[in-house]
Amino acid sequence: MSHSSVDVVVVGAGAAGMSGAVALAELGLHVVLLDEQGSPGGQIYRGITLAPLSRRDMLGPDYAHGNELAQALASSSVRYERGAAVWQVTREHEVSYLREGRLHTLQAKAVLLATGAMERPFPIPGWTLPGVMSAGAAQILLKSSGLAPSEPVVLAGCGPLLYLLGWQYLRAGVPIKALVDTTRPDDYWRARRHLFAALRAWPYLRKGLELMRSLRSARIAHFTGAEQLAVEGDGAARALTFTVAGKAERIATRCVLLHQGVVPNIQFSQSLRARHHWDVDQLCFSPVVDSWGELDVAGVFVAGDGAGIGGAQAAAVQGQLAALGIAVRLEKLSDAQRAFRAEALHARLASNLRIRPFLDALYQPKEANRIPADDVMVCRCEEVTAGELRGFVALGCTGPNQAKSFGRCGMGPCQGRMCGLTVTEVIAKARGVSASEVGYYRIRPPIKPITLGELAGD
Amino acid sequence: MRTDPLFQPVMSEARSTRTVSLTFNEQPLQVPAGSSVAAALLMSGIQRFRATPVSEAPRAPYCMMGVCFECLVEIDGVPNRQSCLIEVGEGMRIRSQEGARDLMFQPATVQSVEVLS
Amino acid sequence: MSQDTHSVTQSDVIVIGGGLVGTAVAYGLARSGADTRVLDQGDNAFRASRGNFGLVWVQGKGHDLPDYSRWTRSSAVRWSGFAEALMADSGVDVQLKQPGGFHMCFSDEELRERQSRLQTLQDALGDYPFQMLDAAELKARLPLIGPAVVGGSYTPQDGHVNPLKLLRALHTSAQARGARFHSGVQVDRIDCAPGEFRVRVGQRQFVAPRVVLAAGLGNPGLARQVGLHAPVAPNRGQVLISERVKPFLDYPTINVRQTDEGTVQLGDSMEEVGFDDGTSTQVLAAIARRGVSTFPLLRDVRLIRAWGALRVMSPDGFPIYQQSPTHPGAFVVTCHSGVTLAAAHALRIAPWIMGGAMPDELGVFAGDRFLTDKVFSHAH
């Protein structure tokens, strides 16, 4: 295992990571940026440096913008290590990663976690069947490989990413069989109290409206208020069934793309035992950070969607704010200098986040799609159903860690990424308490799998 | 057993000229250089990547970003690799992951147990 | 479960602690017909029960205190009947396997020391079957053993179990037999009056003529309140768990075992780090190295999770079992081998708590033995 010392380690080369790393380097700090993918961009800007121009055009201007960040990274002094899977970050700022079959540890003075978001689980009957993927997965196939569904595809759920994907498919000439939207008329009514703020974020709102208009004028079958979603199939997806206003619908398809929002990826921040809070609007756990993104673990910062969902533009600004926070901690800047530089950034961040309350209210995932019926699989790795989980609560389990030890849910290779939120909410509802009180899984290293031989050091 | 691919290259894109030869469960495939193993398999008509160790249920990629651990396959003799995080290589021998890995025996061939669709 | 504030709940026994020790005792009590209440902390308690290795292990224990070996063996021989009873009462199969176990040695000196230890036990107890094996003999029994292992010891008495299924089986069985559990509660105080213990939890009170302290690292403070001395302290062990592997190892070994789910578990360490149940890369690497030295084929197996767990360790490493001399009816039951001793706790400790004769071996385990200037070591 190799050891070396640096000023700052940045984990994740997405919007926040690239932006933060570049800003730190510009402040004269020795920065190492680690990312497990083969090229920068995270998920929103996935494959940005490798995408042919035609693909960038198809994916839209927001995606193409990622190229500026990637170029800034390339011309900076940041030491960027691709294909580096970080498996541990300690409270003492040691960052351990696996690269090309060997383990390395960096001793940093500060760490910036920019590991972004992941798709919220969508536990419905049949969601584990081959042919069912997240909308984000389909976007990755589009961005990294220029691949799209070969047969008319069904998009189901809600949220901007789902509609964006639909719009990107339209531009690429990919036929969409149906958009099965779980959004209901009363969601618009509920979101109305944020409408003023949304109007102040007019560029975002206009983009969204244009997108929706394109989808509508393409005459895609659009079902709204969809409930009781289920994937039918025996060994592979065959159809999506659902109801609208009580009427049963069935759409034959081999490819179902599900989406109901993204949530912060909290594996690292949880493994550090940092304080997290349950966000009642976004219905997920986020790490508690100060205005520079610092956790209650000294010297560890979070920027981007990993601190709370805000999108790519906000993530880039947060990366810069975290860089300022770290610079003061490492005595490269005074408080006054930081305050001066931060003013414009804080304003930009506020402006980028203005649309969020509206979106969070409008596209809040439905309870039935978060807290499923007894026979639905909650833990995909260990194949534990919601009903089994409720049985553990009846036995006296008060939280996810006891439930994990009783029934193995959360113990598989994904270590709770796909089931954590569902388990917390199922337990909370069964006990009649808040998700905040129930808490989350205890997350432990390795955050990414390493072999015993690699750990042993041979 | 291959089915009609669920994914295919978008029409508007020029076809990549560089391809790579590899095998999946002994079947030869030609796939674009630079794709992930998972993407390459999906576009080649592979719909079932593995059988779960718990119940042998069929599984395929779900998230394509290294979070779900559903895309596990055996690559060049190493089991349980996340195929969405690995780039295709010339001559790669890929096999479906049939349940838990086996320390004692390396199967000479794996009979493909694809579900007929 | 009643959530009334200011409620007073009467029962025959109160067990403080719902881990492996507390629930095993509660199960035994409930089976005997005692109206039993178990008070358990919440989801984030330290829970040695969730961090341990799952061995039902006799080999080598008590070489410096024969009664501990006798006590341990008395549990091991009752374990299969105990597992059957749990299956009948809960429907949970705890996956007990007692094929015997191996202790690997990596040098001739280790081998000699091992032999000496086991011989001492045989001399003291008479009936103590064991075998010393050289590298070739070991390889005949465990084909995947690596060349770094020079030999080892085997006893037929050893085995392993799924400790998490055991905890669940105990919870279920105890409740099936009538014990009532209160989860997510923290004991504030125990008030004592002749023949009555009043356990205060917030505004609620649990009252019984008998109380059992089985609260692990919470025992020292509770013990003081009932005239007992139970100076247990945390001792950390780190554990690695791998991805699932098809069955390759039929026997448990002291540092490597394959669970019934196919995952490979590797341990262990003994560290004095206070209440820190985290992990350290150095120790994890050392455990991995020893595991790979023992079974080289594990080299390419993936680590899925590593954790630290806090053993409930007394100064000399042996259990503490005592009825309070000043407050009869109050008992402390604590040890760091809650899996191995689960059968004895249910089948021999529980009757003693309800007024039966104290098992012979227990005399040496009173907590009072620590009320002295002597310096103890729990390294064995």
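See the values below:
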item: Residue exposure sequence - C:105, A:284 - by fewest surrounding Cβ within 10 Å; result: C:105, A:284
item: For chain A: span of alpha carbons on each principal axis (Å, largest first); result: 64, 52, 44
item: 22 Å Cα-Cα reach of residue A:109 towards lysines, excluding residues that sit fewer than 8 places from it in its own chain; result: A:332
item: Cα-based Lys proximity count in chain C, under 28 Å, for pairs eight or more positions apart or on separate chains; result: 9
item: Dipole in debye (nearest 20) - segment C:233-313, about Cα centre, beta carbon charges: Lys, Arg +1; Asp, Glu -1; result: 240 debye
item: 17 Å cut-off, amide nitrogen to a point 7 angstrom out along residue C:364 Cα→Cβ, residues in segment C:38-62; result: C:58-62
item: Alpha-carbon centroid distance for the pair segment C:251-283 / segment B:28-85, whole angstrom; result: 31 Å
item: Distance from segment C:7-21 to segment C:115-144 (C-alpha centre basis), Å; result: 42 Å
item: Added length on full extension, which subtracts the Cα-Cα distance from 0.36 nm per residue, residue A:64 to residue A:219; result: 53.1 nm
item: Relative contact order for segment C:233-313, counting Cα pairs under 8 Å that sit 6 or more residues apart, in percent; result: 47 percent
item: Ranked A:75, C:269, criterion: other C-beta atoms within 10 Å, fewest first; result: A:75, C:269
item: Trypsin sites (Lys or Arg not before Pro) restricted to DSSP loop in segment A:241-325 with at most 15 other C-beta within 10 Å; result: A:273, A:275
item: Loop GluC sites (Glu not before Pro), segment C:231-292 (other Cβ atoms within 10 Å of the site Cβ: 14 or fewer; DSSP); result: C:272
item: DSSP bridge pairs, segment B:19-98: antiparallel proportion in percent, nearest 5; result: 80 percent
item: Per-selection Rg to Rh, segment B:19-98 - Cα, Kirkwood hydrodynamic radius; result: 0.93
item: Computed label-point distance, nm, for sites residue C:273 and residue A:92 using a 7 Å Cα→Cβ extension; result: 0.9 nm
item: FRET efficiency estimate (nearest 0.05) - Cβ-Cβ, residue A:79 to residue A:334, R0 35 angstrom; result: 0.85
item: Length-normalised contact order of segment C:1-146 in % [C-alpha pairs under 8 Å, at least 6 apart]; result: 15 percent
item: Cβ-based net charge around residue C:172, under 11 Å, with every Lys or Arg adding one and every Asp or Glu removing one; result: +2
item: Helical segments meeting 30 Å axial Cα length and Kyte-Doolittle 1.6 threshold in chain C (DSSP H); result: none
item: Cα coordinate range in segment C:101-156, projected on the principal axes (Å, largest first); result: 34, 22, 13
item: Peptide-level mean, for C:304-317, of C-beta atoms on other protein chains within 10 Å; result: 2
item: Loop-resident sites, segment C:306-380, for trypsin sites (Lys or Arg not before Pro), counting at most 10 other Cβ within 10 Å (DSSP); result: C:374
item: Mean separation of Cα contacts under 8 Å (6+ apart) over length of chain A, as relative contact order %; result: 18 percent
item: The protein assembly as shown, helix-only ellipticity at 222 nm - DSSP H runs n ≥ 4, -39,500 (n - 2.57), divided by all residues, nearest 500; result: -9000 deg cm²/dmol
item: Likely footprinting exposure, C:43, C:64, fewest C-beta neighbours within 10 Å first; result: C:64, C:43
item: Considering only chain A, percent of DSSP beta bridges that pair antiparallel, nearest 5; result: 50 percent
item: log10 of Debye I(q)/I(0), alpha-carbon scatterers only, for chain C at 0.12, 0.13 Å⁻¹; result: -0.91, -1.06
item: Shape parameters for segment C:233-313, alpha-carbon atoms, Rg then Dmax in Å; result: 12.7, 38
item: Rounded to whole Hz, the Karplus (6.51, -1.76, 1.60) HN-Hα couplings of segment A:373-381, x for glycine and proline; result: 5, 3, 8, 8, 6, 9, 9, 6, 5
item: Virtual paramagnetic centre 7 Å along Cα→Cβ of residue C:377, amide N under 16 Å, in segment C:98-133; result: C:113-114, C:117
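Every number in this text was worked out from the coordinates using simple rules, so none of it is lab data. These numbers come from a predicted model, not from an experiment. Every residue, glycine among them, receives a Cβ derived from its backbone with ideal geometry; neighbour counts consider all protein chains shown.
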